[in-house]
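The values are calculated or read from the model by the stated rules, or taken from the named source; none is laboratory data. Remember, it's a predicted structure, so these values are computed and weren't measured experimentally. All Cβ positions, even for glycine, are placed from backbone atoms using ideal geometry, and neighbour counts span all protein chains on display. Ligands, DNA and RNA are excluded from the accessible area calculation, which covers all protein heavy atoms including side chains. Shrake-Rupley method; radii C 1.70, N 1.55, O 1.52, S 1.80 Å.
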Amino acid sequence: SLFTKIESEHYGNPSSIHGLGIDALSYLNKARELILKSFGLTKGYKVVFTSGATEANNLAILGYCLKHINRGKHIITSNVEHPSVLECFKYLETIGFDVTYLKVNRNGVVDPKDLEKAMSNETIFVSLMSTNNEIGSMNNIDELSCIVHRYPKAIFHSDTTQSIGKDKLNYSLLDMFVLSGHKVYGLKGSGCLVIKEN
């Protein structure tokens, strides 16, 4: 298989400047290009490889909010997110962030009107999952994204782990999203965070 070939023949450190390292880096770059192409994305995005969707969610939420703490301290999520998202928001709350936890409606989705009411000029980060990992409910990502992007300080992150390969999403509407390798027949213990570079 391709995995076996890469592990046995292209095992160099991609950060090194020797031949094996340059060879390994070319495979990493090809993988990044293939991932972006599969989501219909081209220039203006980058792929950060992680150990899975949990690390990717942690990196997105904590990394962005801590870096931009002076931009505003209001952040929004829902009360049915995966623990890899909720635990980040709970932590940020302990260090001074103002967190709004949106409730879902009887269909298990966030009502766009509730998001609109929660948004403010101090909102810097919104994280709402595309498909719920327990009940399968699907948020209207297109509409939610449009609401978030009306506010210039705010960016939209989505835990898309359960949607990849199953649901049609317009990934260009997301500022950050994640995937887990084992959900798409990839290597266990692999994942990535896709980031819009603006």
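Once whole DSSP H runs in the chain are found, which of them have Cα atoms spread over 24 Å or more along the helix axis and a mean Kyte-Doolittle score of at least -1.0?
Flagged H segments are 19-38.
Please report the antiparallel percentage of DSSP beta bridges with both residues in the chain, rounded to the nearest 5.
Here the share of antiparallel DSSP bridges comes out near 50 percent.
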- [ ] Using the Karplus curve 6.51 cos²θ - 1.76 cosθ + 1.60 with θ = phi - 60°, work out ³J(HN,Hα) for each residue of region 131-140 in order, rounded to whole Hz, and write x for Gly and Pro.
- [x] 10, 6, 6, 10, 10, x, 5, 10, 6, 7
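Taking the mean number of other Cβ atoms within 10 Å as a proxy for protection, how do you rank 172-180, 85-93, 21-29 from highest to lowest?
172-180, 85-93, 21-29
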Open item on the list: For the chain, what does the helix formula give at 222 nm: sum of -39500 (n - 2.57) over DSSP H segments with n ≥ 4, over the residue count, nearest 500 deg cm²/dmol?
Closed with: -11000 deg cm²/dmol
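Give the carbon-plus-sulfur fraction of the accessible surface of the chain in %, rounded to a whole number; probe 1.4 Å, heavy atoms of protein chains only. Display every interim value, and only then the final one.
Details: 5830 of 10770 Å².
Summing carbon and sulfur atoms, their accessible area is 54 percent of the total for the chain.
Solvent-accessible area per residue for region 43-198 at a 1.4 Å probe radius, Å²?
On the way: 7680 Å² over 156 residues.
Per residue, region 43-198 has 49 Å² of solvent-accessible surface.
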Task: Identified option (computed Rg/Rh (Cα atoms, Kirkwood Rh); candidates (1) 1.00; (2) 0.98; (3) 0.93) - done: (1)
